[in-house]
1. Note down the relative contact order for the stretch A:7-113 as a percent, whole number, built from C-alpha pairs under 8 angstrom at least six residues apart.
2. Quick one: Cα centre-to-centre distance for the stretch B:91-163 and the stretch B:350-398, in angstrom?
3. If a paramagnetic tag sat 7 Å from the Cα of A:Ala179 along the Cα-Cβ line, which residues of the stretch B:339-357 would have the backbone N under 15 Å from that point?
4. Averaged over its residues, how many other protein chain Cβ atoms are within 10 Å of peptide A:246-259's Cβ atoms?
5. Quick one: P(r) of the stretch A:283-398 from all Cα-Cα pairs, 5 Å bins, percents rounded to integers, in order of increasing distance.
6. Fewest first, what order do B:Ser395, A:Ser249 take by the number of other Cβ atoms within 10 Å?
7. With contacts defined as alpha carbon pairs under 8 Å and 6 or more residues apart, what's the relative contact order of chain A in percent?
8. Take peptide B:283-289, look around each residue's Cβ out to 10 angstrom, count Cβ atoms belonging to other protein chains, and average those counts.
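Every number here is computed from the coordinates shown, using simple stated rules; none is lab data. Since we're looking at a predicted model, the values are computed, not measured. Please note: Cβ atoms are built from the backbone with ideal geometry, for glycine as well, and neighbour counts cover all protein chains shown.
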Number of protein chains: 2
Amino acid sequence: MSPAIDGTHDAALQSWVESANDPASDFPIQNLPFGRFRGEDDADWHVGVAIGDQVLDLHAARLIASRDMNRLMRLPPETRHILRQTISQGLRAGSAQQKTFQAALRAQSKVELGLPCQIGDYTDFYTSVHHATTIGKQLRPDNPLLPNYKWLPIGYHGRASSIIPSGQGFHRPKGQTKAPGQDAPTFGPCRRLDYELELGMLIARPNVLGEPIAMADAESHVFGVSLFNDWSARDIQAWEYQPLGPFLSKNFASTLSPWMVTLDALAPFRAPFTRPEGDPEPLEYLDSPANRAQGAINIELEVWLQTARMRQAGHAGERISQSNYRDAYWTMAQLVAHHTVNGCNLRAGDLFGSGTLSGPKPEQGGSLMELSAGGKQPLALSNGETRSWLEDGDSVILRGYCQQDGFRRIGFGECRGLVLAATV
Amino acid sequence: MSPAIDGTHDAALQSWVESANDPASDFPIQNLPFGRFRGEDDADWHVGVAIGDQVLDLHAARLIASRDMNRLMRLPPETRHILRQTISQGLRAGSAQQKTFQAALRAQSKVELGLPCQIGDYTDFYTSVHHATTIGKQLRPDNPLLPNYKWLPIGYHGRASSIIPSGQGFHRPKGQTKAPGQDAPTFGPCRRLDYELELGMLIARPNVLGEPIAMADAESHVFGVSLFNDWSARDIQAWEYQPLGPFLSKNFASTLSPWMVTLDALAPFRAPFTRPEGDPEPLEYLDSPANRAQGAINIELEVWLQTARMRQAGHAGERISQSNYRDAYWTMAQLVAHHTVNGCNLRAGDLFGSGTLSGPKPEQGGSLMELSAGGKQPLALSNGETRSWLEDGDSVILRGYCQQDGFRRIGFGECRGLVLAATV
């Protein structure tokens with residue numbers, strides 16, 4: 001099921017791209033995440049792989065014939081695997097391809113990084129039981145976790161058109177809200193703007209409509225993982241979401257990071273998938289021995305906040321929470337199997353959001369709604385500012401990395417977004 | 001705001017395509033709906049306009065340079081209007097273009113009709129207050145209509161990948177369901193399969209992320225209207241939909257009819273938009289004088305059911321309900337204005353579903369859930385069969401047309417889907 005550990009993961013591997021050998025780099029030769037970039041004069045996106053502070057243009061390096069990332073994502077998993085091996089070998093210190101590859105390198109700082117692929121359909125899940133419980137307590141103190149939660153991965157469809165690349169600002173949304181006790185809603189800028197710490201999973205191989213993907217095949221349909229911020233307008237959400245779910249409270253913007261870390265790269269960081277004693281066993285279509293053995297992935301996640309005042313002071317921001325993807329209640333394979341069990345077809349470039357990835361402790365909340373207890377306990381920042389909700393000029397930066405004895409640390413880069421004032 | 005009535009609507013117009021002059025034809029020269037077709041040997045879709053039992057290939061008729069429907073949909077409304085005039089003139093009896101156009105005609109029966117365009121994002125609304133009330137009564141007898149219903153058009157995002165063209169069958173979905181009183185859910189084929197009678201609105205001009213579309217401009221962003229069946233698995237829906245909305249109960253298949261009837265063609269059938277006395281006035285961003293004067297559209301809608309037994313007996317099916325789009329609680333312009341008021345961007349080819357269009361009378365329910373009272377009062381068919389829910393081999397056919405004194409009747413064609421058995 002999951003990709004195996006092989007020579008590409010060897011901690012001793014060094015690259016002739018010197019910046020990749022820096023232990024602090026997110027993109028050592030053991031990582032090789034895929035993304036799209038373009039230079040100032042480029043009309044179209046190029047397909048690239050991050051290595052240190054550089055990006056390797058796969059077309060210029062004569063590794064692929066097309067410049068279409070979604071086409072590359074549709075390749076059979078064996079072919080993707082061979083492509084990874086080839087890139088790894090070419091970037092190794094002493095490689096005979098150094099000259100060809102060197103000509104295909106661009107400094108990341110000199111190019112624009114876009115969305116990693118063209119997004120088809122976007123589905124958001126709700127896989128953190130800690131997030132679901134904390135939010136549920138605020139809405140339904142007596143009944144925080146709904147009875148279906150432990151039986152199926154709750155998910156719903158989101159908006160693909162408003163997914164924006166890391167670094168792009170967005171305007172505070174306006175909409176209808178209704179304060180408790182008021183007779184009628186009012187219209188105006190959102191007053192409870194929030195972020196959501198998520199991972200984004202990008203789909204690789206499509207399945208045919210009517211043909212579910214079994215657990216055993218599920219991970220071969222996932223190309224890679226990025227960081228994802230599902231910005232949320234909590235006051236708009238509270239008024240609009242019954243009975244059909246969130247809509248305008250979510251679809252004004254969602255930010256996706258540029259690099260897709262492949263499941264091949266994540267192979268060393270797999271972990272057993274377990275559930276608290278007494279919880280129901282997954283139904284058969286959501287279960288497999290491989291999923292129990294290594295369905296989880298050990299990915300450390302961080303949320304950083306940089307307020308306008310910090311930015312003016314030259315302060316890069318402050319870490320406001322940390323969690324780990326290992327704590328999710330449903331695995332990636334289970335999301336794929338569940339999404340398709342009714343015959344629904346996935347296409348290359350479709351995006352799954354993990355849902356807000358909160359940890360078990362209160363300070364591990366993946367949103368301000370959790371960290372500020374619904375706005376009742378404002379978060380204190382070290383420069384004296386406080387935050388119940390996001391303010392104009394705030395930047396939220398998501399970071400992620402895998403770290404484990406015997407392996408090189410691999411990183412996800414960053415997912416950054418800036419809140420701009422509402423338009424007049 | 002809305003397109004005006006002009007010479008293209010003149011009831012006296014006749015076409016040199018004889019079949020278009022048949023009063024029973026859905027596609028007289030006053031209609032001219034857009035769609036995509038291909039012949040047996042065509043790799044790609046062609047852009048066409050229906051006329052009688054023929055389709056005019058717009059590229060072959062030298063009317064457009066590209067064969068990309070979505071590109072055509074992005075044209076400014078004035079250009080679309082001129083294109084309509086040109087097609088109308090060329091198809092009129094006595095036209096000088098008859099020879100050129102004749103060479104660009106194909107019999108509809110000899111080509112495959114596909115989805116009318118490439119669908120981007122798909123949003124489903126809930127605009128029939130009659131549907132919302134009847135369904136609400138089944139779920140919440142004391143509180144059928146939620147407090148937000150009359151203040152904002154409830155909507156949620158749906159699945160684009162599984163939207164299929166009219167005529168294509170789909171397999172009964174499988175999934176988790178939980179019967180009342182049971183401790184745990186079970187997995188198997190859906191037992192409460194339903195259809196939903198909807199209209200589909202296809203978006204024309206995009207807006208930029210962060211820039212809402214005002215009511216006055218809203219209709220210029222709609223290209224046309226098709227028939228849409230939002231197939232629903234009611235038992236899967238009941239178990240999965242809290243708290244984030246319907247998911248696998250809807251995304252296994254949705255059927256869209258091939259022809260987009262333009263707002264230009266619908267100009268003669270506009271009607272005042274009114275609300276029952278005592279209902280709240282729409283907030284300012286959802287209101288305009290033009291919307292009050294002619295925001296509604298008089299479109300007659302019908303649902304036909306053809307069971308396998310009827311098919312074997314050579315029986316074309318039986319009409320099981322009728323309603324009218326005029327009875328919707330929110331207008332098309334309001335849907336566009338609401339969807340974008342938070343800055344959400346629409347793209348050409350995006351689809352809005354109207355939501356199930358039920359009329360005010362019980363027999364005007366737009367789904368079996370309404371007509372059979374949640375399965376408690378099976379619908380009696382004239383051949384002795386009954387239906388609480390759809391059975392394998394059932395075909396559901398949606399039809400729509402506009403009819404009004406002084407104008408030619410214009411039709412929407414049909415939206416047909418066949419329920420196949422669940423896969424083993």
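1. 31
2. 17
3. Output list for this probe position: empty.
4. 4
5. Final binned percentages: 2, 10, 17, 17, 15, 12, 10, 9, 6, 3, 1, 0.
6. Least crowded to most crowded, the residues run B:Ser395, A:Ser249.
7. Taking the mean separation of contacting Cα pairs over the length of chain A, I get 22 percent.
8. 2
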